[in-house]
Amino acid sequence: DIQMTQSPSTLSASIGDRVTITCRASQSISSWLAWYQQKPGKAPKVLIYKASSLESGVPSRFSGSGSGTEFTLTISSLQPDDLATYYCQLYSIYPYTFGQGTKLEIK
Amino acid sequence: EVQLVESGGDLVQPGGSLRLSCAASGFTFSSYWMSWVRQAPGKGPEWVANINEDGSERHYVDSVKGRFTISRDNAKNSLYLQMDSLRAEDTAVYYCVRDPSGSGSYHNNWGQGTLVIVSS
């Protein structure tokens with residue numbers, strides 16, 4: 001099975017900061033990667049699919065890039081509402097696998 | 001508006017069985033692949049199983065193969081997960097999710113989840 005590894009596990013940043021989260025796959029997955037945001041007590045919400053496509057309704061400060069084995073999620077200007085845990089997910093190759101998560105804290 | 005409402009979660013003893021249901025509305029249910037995703041307490045999500053539009057193709061994560069069965073009833077706009085031989089490690093919130101892009105899709109709509117606790 002393909003392993004998905006996120007870094008960092010925890011990230012502390014200030015409002016207005018540019019934030020980057022990395023996800024690495026143990027082998028090439030082309031662009032079959034999604035990013036989700038999960039707030040406490042809520043279901044995950046998709047932000048990005050196919051590595052760089054922004055899901056409808058998601059603010060444009062979120063962007064994704066990468067292909068093959070290395071991917072990044074970038075928040076261009078951190079907002080208070082972005083406090084959450086972020087997960088990457090491999091899809092289209094079974095078994096679909098999530099990363100272990102990055103908890104984003106606001107300084 | 002897409003709505004997915006799970007039910008059936010409960011406290012069950014190890015080795016027991018449970019059937020989860022998901023009522024779908026707000027979209028043409030029979031046109032979409034659907035999945036179950038679970039999340040153990042304090043852990044990240046884990047994809048469990050998916051099923052194609054007419055129920056003829058199903059996939060499972062290895063840890064549930066032979067124990068869990070995903071099914072659907074398009075006439076009732078409902079998705080199901082039959083869980084047998086339950087183990088403590090199956091304890092989780094189980095989400096019903098819609099896969100918007102057919103076979104090999106991410107998940108763009110999630111239910112609120114239903115809690116399954118496997119414990120004696």
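What follows is calculated from the coordinates using simple rules that are stated; it is not laboratory data. Every value quoted in this text rests on a predicted model; they were computed, and no experiment measured them. Neighbour counts are summed over all protein chains in view; Cβ atoms, including those assigned to glycine, are modelled from backbone coordinates with ideal geometry.
For residue A:66, what charge total do you get from the other residues with a beta carbon under 13 Å from its beta carbon, if Lys and Arg give +1 and Asp and Glu give -1?
+1
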* For the range B:101-109, in order, what is each residue's ³J(HN,Hα) by Karplus, 6.51 cos²θ - 1.76 cosθ + 1.60 with θ = phi - 60°, in whole Hz (x at glycine and Pro)? -> 10, x, 5, x, 10, 6, 10, 10, 9
* Asked: Taking amide H positions as placed 1.01 Å from N in the peptide plane, with prolines and chain starts having none, which residues 5 or more places from residue A:50, or on another chain, fall under 5 Å of its amide H?
  -> A:33
* Could you point to the residue in A:54, A:91, B:56 farthest towards the positive end of the protein assembly as shown's charge dipole, with +1 and -1 charges on the Cβ of Lys/Arg and Asp/Glu respectively? => A:54
* Structure fact -> Along the range A:78-88, Karplus-curve 3J(HN,Hα) (6.51, -1.76, 1.60; θ = phi - 60°) to the nearest Hz, with x for Gly and Pro, reads 4, 10, x, 5, 7, 4, 4, 10, 10, 10, 9
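Suppose every K and R has +1 on its Cβ and every D and E has -1 on its Cβ; what is the size of the dipole of the protein assembly as shown about the Cα centre, in Debye to the nearest 20? Could you put the intermediate results ahead of the total?
Numbers: 19 positive and 20 negative charges, 57 e Å.
Result for the protein assembly as shown is approximately 280 debye, rounded to the nearest 20.
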* Apply the Karplus parameterisation 6.51 cos²θ - 1.76 cosθ + 1.60, with θ equal to phi minus 60°, to every residue of the range B:33-43 and state each ³J(HN,Hα) to the nearest whole Hz, in sequence, with x for glycine and proline. => 5, 9, 9, 10, 10, 10, 9, 6, x, x, 10
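Taking the square root of 5 times each eigenvalue of the Cα gyration tensor, what semi-axes in Å does the equivalent ellipsoid of the range A:8-53 have, largest first? Write down the numbers at each step before the final one.
Values: eigenvalues 91, 47, 26 Å².
For the range A:8-53, the ellipsoid semi-axes come out as 21, 15, 11 Å.
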* Structure fact -> Given unit charges at Cβ for Lys, Arg (+) and Asp, Glu (-), the dipole magnitude of chain A about its Cα centre in debye, nearest 20, is 120 debye
* Roughly how many whole Å is it from the C-alpha centroid of the range B:18-55 to that of the range B:1-17? -> 11 Å
* Asked: In chain A, if every C-alpha pair distance is counted and binned at 5 Å from zero, what percent goes to each bin?
  -> 3, 14, 26, 27, 19, 9, 3, 0
* Structure fact -> Interchain or sequence-distant (5+) residues whose placed amide H lies within less than 5 Å of the amide H of residue B:68 are B:84
* To do: Pick out which of A:34, A:84, A:51 has the largest mean-square fluctuation in a Gaussian network model of chain A, springs linking Cα atoms closer than 10 Å.
  => A:84
* Asked: For the range B:1-73, what size does the Cα cloud have along each of its three principal axes, sorted from largest down, in whole Å?
  -> 36, 25, 23
* To do: Put one equal scatterer on each alpha carbon of the range B:19-120, apply the Debye formula with no solvent term, and list log10 I(q)/I(0) at q = 0.11, 0.13, 0.20, 0.21 1/Å to two decimals.
  => -0.30, -0.41, -0.99, -1.09
* Kirkwood Rh, Cα atoms: Rg over Rh of the protein assembly as shown -> 0.97
